[in-house]
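Remarks on the structure that follows.
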Amino acid sequence: MNVRDIKTSIAASRLGFDRYILDLDCGRLLVDDKEIVLRPKTFAVLRHLVENPRRLISKDALFAAVWPNLTVTDDALVQSIGELRRALGEDGARLIKTIPRRGYRLEADVRTLDPAGPSSAGPVPIPDRQPQPAASARGKLIAPIILAVMVLAVLLWSSLGSDWTFPSWPGLNDRPAIRSSEIAAKPSIAVLPLVILGDNSVKEYFADGLTQDVINALGRFSALTVMSWNAVFPYKNKPAHPEDIRRVLGVRYFVEGSVRQIGDRIRVIAQLVDASDGRVLWSARFDEALADVFVLQDNMTTQIVGVLAVRVAQTEQRRVSAKPTESLEAYDYVLRARPALQRPTRANNVEARALLRRAIQLDPGYAAAYAALAETFHIDVAMGWAQSPGDSLGRAEQMANEALRHDASEVRARIILGRIHLFYQRHEQAQAEIDRAIAINPNDPHGLAGRGNILLWLGQTDAAIQSLELARRIDPELNAIDRNSLSLAYYLKRRYDAAIEEAEINVRQTESAHFSRAVLAAAYAQRNQTEDAARIVTTIRQLDPTFNPQDFGTKFLNPVDLERLRDGLRKAGL
């Protein structure tokens, strides 16, 4: 039987592997006659692995099979593999193997089954060679190093090497964990970057900022799951099929549209699409004076929420409807500063600070401008640019508090304060600020990840994983520090494949993520991959000769967690 015959046979069959049944006709995974619910893209990954049992399947081959002709990041595949392993429970790590830097392999024999029942029709032959991906099936997307990476890098690396730990304050340990199922049950939506039409009179930063503000406004409705700007950025100026959007982003709905400036007026044409079948559920044209851009945002957000028929609390509606500034010019300065904050260098951080100070001069009560200004001072400390780190952190804290004095619902200011509190070991205040941020915007990935970080050090590893995975669900471009925390949490749960996945992404995308190299070495050692562990140890000693393994991870509250980490470091040769 040749490869084509095998594929034809498989396509018409139910496939059995281990104690599971893959029903290809119905798109279901079964165990003991019960369905295990998988998202379509996760099912497609499993299908490709099952159709090629016991063979190494490269990442490129999986991208070509599951995301054809679409540029996505490694996170999309990592998330699907993680979901698949969790769905298979205790069998996940045994059946789905990661081959570092190469791909994945299904460790099971596969048999075709009679459609009427589970009787075996014999094992599926292994093709002579692995299917090759299309040449242009996947492009590499280099994720921008977002602000949180810079803000957190110094904080986490220094705290990993300190001797302080988190106390167990009242109410935190018994706080119910965030469950992914709760988010999955909500209507999920993505707002794709608005397309600029006309003679380019609309600046790119303005169109992007308008999209970001609609995302942030929708994110404040607790009845919705809203994907972040990082999640939708790959679709900028790249048309995609609704089915691709549904599979890659895991959403039920998406908003797409265009923006055009005509004189002193701004026009947005938008539509809400059901990603499952491509039906347009709502469309509208918004035409406002440029000075009334906030009215346009409010009307657009309110209509989308109305079409989705979600429950809206009065406080949520008030927050969304609040006008951030009376000065369009001040708003423009804030939008111009955002790209510099997302990809900071010494020069553009200085430029962003000047733009934000100009915004505050125009509107001394503009909370978002103060919050962004606080970020610039925090970046100076994280990047080592500050002559006096203490003074810079003090100014960051002052600006964040000033933002909250003008608008208590300024989410970014609360998260910045939370990070500053952690730096100064003000743990209760840090948790309080992050909890307030999540209460205001339940879809803010930085807040969710911040909560996961604290739970990790407190020893609540399962809850930490749930919160960090939730943040990654909303923002696939999880920043380096939060991804390291997720990797470390997986390591503590002995999920070494998943720990290696996250750590490898970190060191590939962020060269300075030495903390992930330490976790990577420990995970390799626990898997008895001594050569890989030795290679990482050599790199650590070259890049960070002052690394002290005795200090690394000492802020774990649970001594069992610390010993588990040190056990891996010892085995790795550190």
**For residue 272, residues with placed amide H under 5 Å, excluding near neighbours** = 281, 282, 283
**Prompt:** When the accessible area of the range 478-570 is split by element with a 1.4 Å probe, what percent falls to carbon and sulfur?
**Reply:** 47
**Fill in**
Mean Cβ-within-10 Å packing, highest first, puts peptides 416-424, 294-302, 475-483 in the order 475-483, 416-424, 294-302
**Prompt:** If you find the alpha carbon centre of the range 246-273 and of the range 24-68, how far apart are they in angstrom?
**Reply:** 32
**Prompt:** the range 429-475 to the range 339-370: how many Å between their Cα centroids?
**Reply:** 27
**Message:** Can you work out the Karplus-derived ³J(HN,Hα) for every residue in the range 355-371? Use 6.51 cos²θ - 1.76 cosθ + 1.60 with θ = phi - 60°, whole Hz, and x for glycine or proline.
**Reply:** 4, 6, 5, 5, 4, 5, 4, 6, 9, x, x, 7, 5, 4, 5, 5, 4
**Request:** Excluding residue 511 itself, calculate the net charge of residues whose Cβ lies under 12 Å from the Cβ of residue 511, where each Lys or Arg counts +1 and each Asp or Glu counts -1.
**Result:** +1
**Message:** Highest mean first, how do 344-354, 23-33 rank when packing is the count of other Cβ atoms within 10 Å averaged over residues?
**Reply:** 344-354, 23-33
**Request:** Please list, in chain and number order, the residues 5+ apart from residue 188 or on another chain whose amide H is under 5 Å from its amide H, with Hs placed from the backbone.
**Result:** 225, 252, 253
**Request:** With the full set of protein chains in place, find how many percent of the accessible area of the range 73-113 is carbon and sulfur; take the probe as 1.4 Å.
**Result:** 43
**Fill in**
Expressed per residue, the solvent accessible area of the range 502-574 in Å² (1.4 Å probe) is about 45
**Karplus-derived 3J(HN,Hα), 6.51/-1.76/1.60, for each residue of the range 489-503, Hz, glycine and proline x** = 5, 4, 4, 4, 8, 6, 9, 5, 4, 5, 4, 5, 3, 5, 5
**Item:** Mean Cβ count within 10 Å, highest first, over the residues of peptides 438-448, 356-366, 246-256
**Value:** 438-448, 246-256, 356-366
**Asked** Long-range amide H contacts for residue 441: which residues qualify at under 5 Å (H placed 1.01 Å from N, peptide plane, sequence gap of 5 or more or a different chain)?
**Response** none
**Prompt:** What are the ³J(HN,Hα) values, in whole Hz, obtained from phi via the Karplus relation 6.51 cos²θ - 1.76 cosθ + 1.60 with θ = phi - 60°, for each residue of the range 444-450 in sequence order, with x given for Gly and Pro?
**Reply:** 7, x, 5, x, 4, 5, x
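The values are calculated or read from the model by the stated rules, or taken from the named source; none is laboratory data. Not measured: the values here are computed from a predicted model. Neighbour counts run over all protein chains shown; Cβ positions are idealised from the backbone, glycine included. When the accessible area is computed, the model is the full protein with side chains, heavy atoms only, and any ligands, DNA or RNA have been set aside. Shrake-Rupley method; radii C 1.70, N 1.55, O 1.52, S 1.80 Å.
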